[in-house]
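What follows is a set of notes on a single structure, which appears directly below.
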Amino acid sequence: MSSAAVSWGIAKRNLMLIPRMPSTFFPSLVMPVFLTISFAGAFSGIVELPGFPAEAALNWFIPMTTIQGAAFAGITTGMGMARDFESGFYDRFLASPAPRAALLGGSLLASTLRAVLPFALLMAVTVVSGTDVPGGLPGLLSLATAALGVGLVAGAWSVGVALRAQTLQAVPLIQSGMFLGFFLSTAQMPIELLTGWLHHVARFNPMTNVLQLARQGYLGDVTWTDTWPGLVSLTGMFVVLGLFARRGMRKAIP
């Protein structure tokens, strides 16, 4: 089989686990909706702050919870890999003549495709709630790019950890890494309203640029100025974490 066929076979198997084991994927769908309702309700007054860029709380929080849902959809790929290691099933892949790059590519493809589901669900929330998207179709495409990119990055992170730990006990580490990436950025507040050490951390956190890419269509028109930093950040994170996962795949022993 070609490497492309192997990658697609791995990705297809990963996606088939969603209906077969919904408990492993269902939280990544429920959580973003729950967080959207919680944040938009509890922090609805945040838009009254001087200089806050959104007119409605949903315009600020929907993009954030969308890419957060995409991230946690992506890390379920690494969680599934860790489960396969514990059962001994993944050793069959490693011992097979399939190229290691194809095995890794299939997992990362599955992470990206899994991120489509929370994105589609949050788009339904946008429609049902009547949330205005000033940026129109380009704004939705910006959010889709950010969501799928974060799903890919999260997949690379989770797979890299799973290949080294080879146990489900590494799941808290995988999840904590994603939580820190989000909540040490502009997930809750714009950079101009952050103070102290959190302002400095968020300023250099690449997730801040990704959130800017995701939110621009919900806050106004889509511009290249707000787009390119997010694309560069996604590319940089994928290069670093992709190499992290690749090194783990090369060193994995069946």
Item checked: Highest-MSF residue in the chain out of Ser111, Ser142, Ser129 [GNM, Cα springs under 10 Å] -> Ser129
Margin query: Can you list which of the DSSP-assigned H helices in the chain have a Cα extent of 30 Å or more along the long axis and an average Kyte-Doolittle score of at least -0.5?
Written below: 57-87, 136-165, 224-251
Checklist line | Nearest-10 value in Å² for the accessible area of Arg100, using the 1.4 Å probe | finding: 70 Å²
Notebook entry, point to check: D for region 97-254, whole µm²/s, Stokes-Einstein with Kirkwood Rh over alpha-carbon pairs at 10 °C and 1.306 mPa s: what number?
Noted result: 94 µm²/s
Check: So if R0 is 22 Å, what FRET efficiency would Val127 and Leu15 give, r being the distance between their Cβ atoms, rounded to the nearest 0.05?
Finding: 0.30
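Can you sort Phe93, Phe238, Phe26 by solvent-accessible area, 1.4 Å probe, largest first? Walk me through the numbers before you get to the answer.
Numbers: Phe93 40, Phe238 75, Phe26 120 Å².
Output order, biggest surface exposure first: Phe26, Phe238, Phe93.
If the chain between Leu180 and Glu55 were fully stretched, how many nm would it gain, using 0.36 nm times the residue separation less the Cα-Cα distance? All intermediate terms of the calculation are to be shown ahead of the outcome.
Values: separation 125, 0.36 × 125 = 45.00 nm, distance 2.71 nm.
Full extension of this stretch gives 42.3 nm more.
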Next item on the list: Let me have the 222 nm mean residue ellipticity of the chain computed from DSSP H runs of 4+ only, each contributing -39500 (n - 2.57), with the sum over all residues rounded to the nearest 500.
Entry: -26500 deg cm²/dmol
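Heavy-atom accessible area per residue, region 121-254, 1.4 Å probe: how many Å²?
Working: 6490 Å² over 134 residues.
Normalised by residue count, the accessible surface of region 121-254 is 48 Å².
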Checklist line | Surface share of carbon and sulfur [accessible, 1.4 angstrom probe, percent] for region 96-254 | finding: 70 percent
Item checked: Listed residues Gly45, Gly242, Gly78, most fluctuating in the chain (Gaussian network, C-alpha, under 10 Å) -> Gly45
Next item on the list: Pull out the extension gain between Arg203 and Thr223, defined as 0.36 nm times the separation in residues minus the alpha carbon to alpha carbon distance; nm, one decimal.
Entry: 5.2 nm
Item checked: Choice from Gly136, Gly51, Gly220 showing the highest fluctuation, given a GNM over the chain with Cα pairs closer than 10 Å -> Gly51
Check: So what's the gap between the Cα centers of region 53-112 and region 133-155, to the nearest angstrom?
Finding: 16 Å
Notebook entry, point to check: Using r as the Cβ-Cβ distance of Val240 and Val116, and R0 as 35 Å, what FRET efficiency do you calculate, to the nearest 0.05?
Noted result: 0.90
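The values are calculated or read from the model by the stated rules, or taken from the named source; none is laboratory data. The shown structure was predicted, so the numbers you read here are calculated from the model rather than taken from an experiment. All Cβ positions, even for glycine, are placed from backbone atoms using ideal geometry, and neighbour counts span all protein chains on display. Only protein heavy atoms, including side chains, enter the accessible area calculation; ligands, DNA and RNA are left aside. Shrake-Rupley method; radii C 1.70, N 1.55, O 1.52, S 1.80 Å.
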